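Notes for the one structure printed next.
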Amino acid sequence: MTNPQPKAADLISPFTLRIQWKDGPVSDYGARSLRLACPCANCIEEGTGRKILNPATVADDIILLVSELVGRYALSFVWSDGHKTGIFSWPYLRKLGVEETQ
């Protein structure tokens, strides 16, 4: 889907975000998985796209404290480790949701 749109996006627990997509699928995202996939410049090298976040520095029990809508195109999160600079577009979240189910 080229321009996925959510029907609903909810923190169903501090460990899980659920997105129901308008075209039917439902995607569940673990807090740690989302943190490891953060697309911000602190986690991904801007010039190359290489991941620079060391997974060993992200606690297994990290939680999502806040989920906020960014315009009509994305979500941002605040995690229990204080990180909060990533913007997760709807297409990126849809791609991550497909990857989580594979």
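The values are calculated or read from the model by the stated rules, or taken from the named source; none is laboratory data. Keep in mind it's a predicted model, so treat the numbers as computed, not measured. We place every Cβ from the backbone using ideal geometry, glycine too, and count neighbours over all the protein chains shown.
Conditions tested, residue by residue: (1) surrounded by fewer than 14 Cβ atoms within 10 Å (Cβ to Cβ); (2) part of a helix (DSSP H, G or I); (3) of a type outside the set (D, E, K, R); (4) in contact (Cβ under 8 Å) with a residue 24 or more places away in the chain.
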residue	(1), (2), (3), (4)
65	no, no, yes, yes
77	no, no, yes, yes
82	yes, no, yes, no
85	yes, no, yes, yes
88	no, no, yes, yes
93	no, yes, yes, yes
97	no, yes, yes, yes
Could you give me the residue pairs with C-beta distances under 6 Å whose first residue belongs to segment 1-27 and is closer than 17 Å to residue 99 by Cβ and hydroxyl-bearing (Ser, Thr, Tyr), whose second residue is surrounded by 12 or more Cβ atoms within 10 Å (Cβ to Cβ) and at pLDDT 95 or above wherever it lies, and which are 6+ apart or on separate chains? 16/28; 27/19
Flag if residue 71 is over 15 Å from residue 9 (Cβ atoms), without any contact (Cβ under 8 Å) to a residue 12 or more places away in the chain and loosely packed, with under 11 Cβ neighbours inside 10 Å: no
If you scan segment 44-102, which residues turn out to be farther than 14 Å from residue 17 by Cβ, modelled with pLDDT of 95 or more and of a type in the set (A, V, I, L, M)? 44, 52, 53, 56, 58, 59, 70, 87
Tell me which residues, restricted to segment 1-59, are in a strand (DSSP E or B) and among the hydrophobic types (A, V, I, L, M, F, W, C). 8, 9, 11, 12, 17, 19, 21, 26, 44
Which residues, counting only those in segment 10-35, are aliphatic (A, V, I, L, M), within 17 Å of residue 91 (Cα to Cα) and either out of contact with any Ser or Thr (no Cβ under 7 Å at 6 or more places or on another chain) or modelled with pLDDT under 95 (or both)? 26, 34
